[in-house]
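Every read-out reported here was derived from the displayed coordinates using simple, explicitly stated rules and does not represent laboratory data. Since the model is a prediction, treat every value here as computed from it, not as a measurement. Because the Cβ atoms are built from the backbone with ideal geometry, glycine has one as well, and the counts that use them run over all protein chains shown.
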Amino acid sequence: MKNFRFIYLVFLCLPNLSVAQKADFVVLRKIYLYGNHHTKDRIVLREMDVKEGDTLLLAKLDTLLNNNRNRIFNTRLFNEVKLTLLPDSAEYKSLLVELTERWYIFPIPVFELADRSFNEWWYNQSHKLNRLNFGVRFSNKNFRGRKEELRLIVQSGFTKKLGLGYTVPYLNKKQTLGLDLDFMYDQNKQISFKTKDNKQQFLKTNDLLRERLRLGVNFFYRRSFFATHTFGFRYNRARVADTIGRLNADYFRFGENTQNFFQFGYEFTFDKRDVRAYAHKGYFVNFVYEQRGFTPWDDVKMAVVEASFSKYLPLGHHFYFASLSKGKAFIPNKIPYFNIRAMGYDQDYVRGYDLYVIDAQMFALQRLTFRKKLFEMEFMVRSFLSMRQFNKVPFAAYLNAYYDIGYGYTPQVFSGNQYLSNEWLRGGGLGIDVVTYYDSVIRLEYSINKMLERRIYLAFTTDI
């Protein structure tokens with residue numbers, strides 16, 4: 001039915017293609033969506049700031065169409081998005097939105113690293129295969145065609161895990177309120193119990209060393225296109241073997257072996273990037289506040305405050321610049337080892353110090369990256385896969401040069417952090433980024449730090 005409608009509207013507009021534009025504006029008569037076989041129309045229209053009957057200025061038309069294209073693409077529901085204005089008459093136009101949907105259902109095997117990064121596993125842990133997780137992960141990223149997400153993971157290996165999740169981005173008719181439910185339970189027979197020389201120290205036994213339980217609910221409020229407010233509430237429970245408390249009395253506190261607490265949090269994001277997976281233009285603002293423990297029965301009382309700003313600039317001739325400024329603080333001063341994730345985790349590190357962690361009370365981080373697009377192409381794989389969601393594979397490569405600077409502050413420098421705490425860290429280098437479909441990014445980097453340590457590192461997320 002949609003194929004017939006697409007052919008009909010194209011032929012309907014052909015007689016008017018030669019009509020000259022006399023006015024400096026056009027009126028949008030109709031919006032046609034084509035290719036969203038599974039996704040509901042309202043999910044696509046939610047991301048557009050034009051509607052039928054709007055008057056559009058010709059001088060701003062290209063920018064308007066490109067911005068709407070990027071917002072639809074950033075839903076991560078489509079591999080391709082194309083907007084074309086069809087002339088109905090000299091002053092009235094129709095808008096054709098052509099979409100190629102992604103594949104949404106992924107019952108795939110889990111085969112992933114248990115360590116904080118590939119480089120931690122490869123260098124510090126000697127790429128041992130017993131530090132791998134394996135199992136099955138199921139996700140439906142567009143359940144019922146409403147951008148809802150179902151998640152299930154059953155995992156064994158280094159970390160035994162069972163997880164369930166369900167996200168509903170739009171609860172109300174105005175599509176401004178959303179909900180996320182999350183459950184996670186995991187067990188370990190090997191865990192990091194302290195830091196020594198700014199590196200994680202692990203203990204391995206044949207018995208269970210740690211188990212964790214997490215139950216959470218988040219509410220989203222997204223009134224505009226760019227700003228999102230998230231309010232969360234979570235219950236956390238963790239228990240470790242008595243051995244951990246004896247080896248590190250600060251793992252929880254006072255050598256205890258259990259920790260239970262409720263937490264609430266607030267997160268604000270303002271996202272004006274052109275493409276979220278690998279931005280060339282725009283900026284991103286993020287602010288997070290978490291209160292961990294607020295009832296008389298909670299075993300921990302602490303707060304986490306985090307703020308970051310990322311900026312992306314096209315410099316012309318396929319050159320780009322990106323910067324990240326970030327700060328994070330744990331309050332009060334004395335925080336259990338289990339509850340600190342400071343420098344060295346996720347993307348919170350100075351490049352060149354990929355193999356180190358700093359259990360800082362607070363830290364500041366600045367990243368600067370210059371990129372040069374080497375090439376961008378698409379190739380077909382129809383001979384291997386007959387599914388349209390995988391027929392076209394986008395592929396782009398970027399050469400980049402980067403420089404990072406960071407500072408991790410610790411009021412009392414313990415033996416585990418004595419080398420890198422309370423001093424400025426600097427690192428930089430050269431790298432190549434590969435960007436392909438389904439938001440996949442592969443980074444190969446050659447970095448050097450101020451201790452003149454040089455290594456090649458591999459990562460699977462964008463740097464900024």
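Put a dot 7 Å past the Cα of residue 176, heading toward its Cβ, do the same for residue 285, and the two dots end up 1.9 nm apart. Counting every pair of alpha carbons in segment 232-384, the share spaced more than 23 Å apart comes to 54 percent. Summing +1 for each Lys or Arg and -1 for each Asp or Glu, what net charge is found among the other residues whose Cβ lies under 10 Å from the Cβ of residue 337? Within the 10 Å Cβ shell, the charges total 0.
Treating segment 23-77 as a set of equal point scatterers at the Cα positions, no solvent, please give the Debye-formula log₁₀ I(q)/I(0) at q = 0.17, 0.19 Å⁻¹. Treating every Cα as an identical point scatterer, log10 I(q)/I(0) equals -0.59, -0.71. Fully extending the segment from residue 461 to residue 100, taken as 0.36 nm per residue of separation minus the present Cα-Cα distance, adds 127.5 nm. Across the alpha-carbon set of segment 103-224, the Rg to Rh ratio works out to 1.08, Rh being the Kirkwood radius.
A straight chain from residue 266 to residue 196 at 0.36 nm per residue would run longer than the Cα-Cα distance by 21.9 nm.
In plain terms, if you count all Cα to Cα distances in the chain and split them into 20 Å steps from zero, the share in each step is 19, 53, 23, 4, 0 percent.
Note down the Stokes-Einstein diffusion coefficient of segment 307-388 in µm²/s, whole number, using a Kirkwood radius over alpha carbon pairs, 20 °C, and 1.002 mPa s. Translational diffusion coefficient: 131 µm²/s. Between residue 110 and residue 451, the contour length at 0.36 nm per residue exceeds the Cα-Cα span by 119.1 nm. Estimated from the Cβ-Cβ distance and a Förster radius of 41 angstrom, the FRET efficiency linking residue 63 and residue 403 is about 0.80. The ellipsoid that matches the Cα gyration tensor of segment 105-364 has semi-axes, each √(5λ) in whole angstrom, of 31, 24, 22, with the longest given first.
Could you compute the net charge surrounding residue 326? Neighbours are other residues with a C-beta less than 9 Å from the C-beta of residue 326; K and R count +1, D and E count -1.
Here the charged neighbours net out to 0.
Couplings for segment 349-360, taken from phi via the Karplus curve 6.51 cos²θ - 1.76 cosθ + 1.60 with θ = phi - 60°, read 7, 7, 5, x, 10, 4, 8, 10, 10, 10, 7, 7 Hz in order; Gly and Pro are left as x.
Bridging of residue 51 to lysines at a Cα separation below 18 Å is possible for 30, 40, 60, 82, 93, 173, 174, once same-chain residues fewer than 8 apart are set aside.
Note on residue 196: lysines with a C-alpha under 25 Å away, same-chain residues under 8 apart excluded, are 128, 204, 328, 334, 450. Each stretch of four or more DSSP H residues adds -39500 (n - 2.57); spread over every residue of the chain, this sum gives -2000 deg cm²/dmol at 222 nm.
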